[in-house]
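The values are calculated or read from the model by the stated rules, or taken from the named source; none is laboratory data. These figures come from a predicted structure and were not determined experimentally. Heads up, the Cβs are rebuilt from the backbone with ideal geometry, glycines too, and the neighbour counts pull from every protein chain shown.
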Amino acid sequence: MFVAIIKPLVVNITILFSLVFNANLFFPFRRKMVLTWKQKVIYGIVSSFTAILCMMYPIQPLAKTNFDFRMIVILVTTLYIGKTAGLLCTFTVVIVRLIIGGPFAYVGSAVSVFAYIVGMMFRTSFFNVKRKILYGLMIVFIYLILYVATIIYAVPPLPWRFYVVYFSFFIAMFVALVYVIERLIQFNEQFDDMIYVDKLATVSEMAASFAHEIRNPLTTVRGFVQFLSEDTTDENVKKFAPVILEELDRTNQIITEYLTLAKPTPFERQKVNIDDVLHTSVHLLSPLGTMTNVSLQLYTEGKSDVYGDKHYLKQALLNVIKNGMEAIEYGGVVTIHKTVDEKEKQVIITIRDTGKGMTEEQLKNIGLPYYTTKSKGTGLGSMITARLIRQMGGTITYESRLNVGTTVTITLPLYEGD
């Protein structure tokens, strides 16, 4: 009997791992994936196909009772992809189970629906916890309580050895899938970082090669424009000289940003009071907010000391907050919220705006050279911000919804003393 149970379980396990690796191949997993409706449907179809394959190789200790791992597919799909893909998978599984038939078809359908319900109940909290394997264990145990109660009530009793083997493999397989997906997410993020660093190196080489050569003639041109505008009676020259000087200054600022990328930034890593930096940044940008009808709201909680460079930290925060303000067209709010994660030993700064937001494609490209959502931007500000935060041992992530707004989350190492 043991061999009869193990054989279909091995087939089910192979099918489930195939789902994960193939899904990651076409749509690489990310920590916070922003999926289009089409991608969600594709995930739903792929997971449905996988669940059907599991149902084609069931364990059959009794002639009319089928056990398999289709419920794991529904749970994982709902937790990681969402309600659309999970619902599509559940609906398909229920239809196929009813077509297969048998006296326990409705029981099999019910336990599949329970998997979707449990997945939806815990999806939001599952995404926010750090220890997903432990939290996943709690979720699968809650589901198994419903599962076991249902089969005890509706299905004739089976040998206790079967229950031990089946449910042990069920738990182990669910935990293994969560572990593999989390590892794939880490690998994908590391790969993204490698690409980012490579592109950053390319920009640095370009910046070092021509930035200085361009700045010298610009300085000369600026001096002559100032001289001519002061000593001329030509009204056109006086009228347009400020415009020329403004554009020259803007060009010079772009070159300065290039040089910031090109040369190693001298950091003075020390104890920094992040609350002071945040209050200073908000104070500096308040006049701009008044002019553009944008309200700045700052909330701080917990410890305020981080490990970093005060000057560059202020530069990075000013860039992010100013970007949020500029994304708001007809008045709105930029909320800055600072909290402390004692377990992870880090300070979390969340900057949320009510601006126009970004599409999925724009979100993927944010922080890359030359990419910007502003008509007169270069994309270097976001790139420099990301570099500064990384050099201070922190992270920066973006979430956005079109016509809703953007949320930037910055983490910095908590200062723990000498």
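Out of curiosity, is Tyr307 among the aromatic types (Phe, Trp, Tyr) and more than 14 Å from Gly394 (Cβ to Cβ)?
On the way: among the aromatic types (Phe, Trp, Tyr): yes; more than 14 Å from Gly394 (Cβ to Cβ): no.
So Tyr307 fails the test.
Against the conditions (1) modelled with pLDDT under 90; (2) surrounded by fewer than 16 Cβ atoms within 10 Å (Cβ to Cβ), Met138 satisfies every one except (1).
For Arg131, are the conditions met, namely being more than 33 Å from the chain's Cα centre (by Cα) and either closer than 21 Å to Val10 by Cα or at pLDDT below 85 (or both)? No. The residue of the range 152-194 that is surrounded by the most Cβ atoms within 10 Å (Cβ to Cβ), among those that are closer than 16 Å to Tyr80 by Cα and among the polar types (S, T, N, Q), is Asn188. Considering Ile72, Ile15, Ile45, the condition of being modelled with pLDDT of 85 or more and more than 23 Å from Gly136 (Cα to Cα) is satisfied by Ile45 alone.
For beta carbons closer than 7 Å, sequence separation of 6+ or different chains, a first residue in the range 339-362 that is farther than 13 Å from Leu298 by Cα and a second that is of a type in the set (Asp, Glu), the qualifying pairs are Val340/Glu301; Lys345/Glu416; Ile348/Asp341; Lys356/Glu329. Test each condition in (1) at pLDDT below 90; (2) touching a Ser or Thr at 6+ places or on another chain (Cβ under 6 Å); (3) not in a strand (DSSP E or B) for Leu317 and report the one that comes out false. Going through the list (1) at pLDDT below 90; (2) touching a Ser or Thr at 6+ places or on another chain (Cβ under 6 Å); (3) not in a strand (DSSP E or B), Leu317 breaks only (1).
So, in the range 111-135, of the ones that are under 17 Å from Cys54 (Cβ atoms) and of a type outside the set (S, T, N, Q), which residue ends up surrounded by the fewest Cβ atoms within 10 Å (Cβ to Cβ)? Before you say what the answer is, go through the steps one by one.
Taking the range 111-135 as the starting set, the residues that turn out to be under 17 Å from Cys54 (Cβ atoms) are 111-116, 119.
Those still in the list that are of a type outside the set (S, T, N, Q) too: 111, 113-116, 119.
Details: Val111: 23, Val113: 15, Phe114: 22, Ala115: 28, Tyr116: 22, Gly119: 26.
Going through the qualifying residues, I end up with Val113.
Restricting attention to the range 325-358, and to residues there that are outside any strand (DSSP E or B) and among the acidic types (Asp, Glu), which single residue is surrounded by the most Cβ atoms within 10 Å (Cβ to Cβ)? Spell out how you get there, then give the answer.
Of the residues in the range 325-358, the ones outside any strand (DSSP E or B) are 325-331, 342-345, 354-358.
Then drop every residue that is not among the acidic types (Asp, Glu), which leaves 326, 329, 342, 344.
Working: Glu326: 16, Glu329: 11, Glu342: 9, Glu344: 12.
In this case the residue turns out to be Glu326.
In the set Asn66, Asn24, only one residue is free of Cβ contacts under 8 Å to residues at least 60 places away in the same chain and not aromatic (Phe, Trp, Tyr); that residue is Asn66.
Give the residues of the range 281-307 that are β-branched (Val, Ile, Thr) and more than 15 Å from Val320 (Cβ to Cβ), sorted by residue number.
We begin by selecting, within the range 281-307, every residue β-branched (Val, Ile, Thr); these are 282, 290, 292, 294, 300, 306.
Answer for the range 281-307, where residues must be β-branched (Val, Ile, Thr) and more than 15 Å from Val320 (Cβ to Cβ): Thr290, Thr292, Thr300, Val306.
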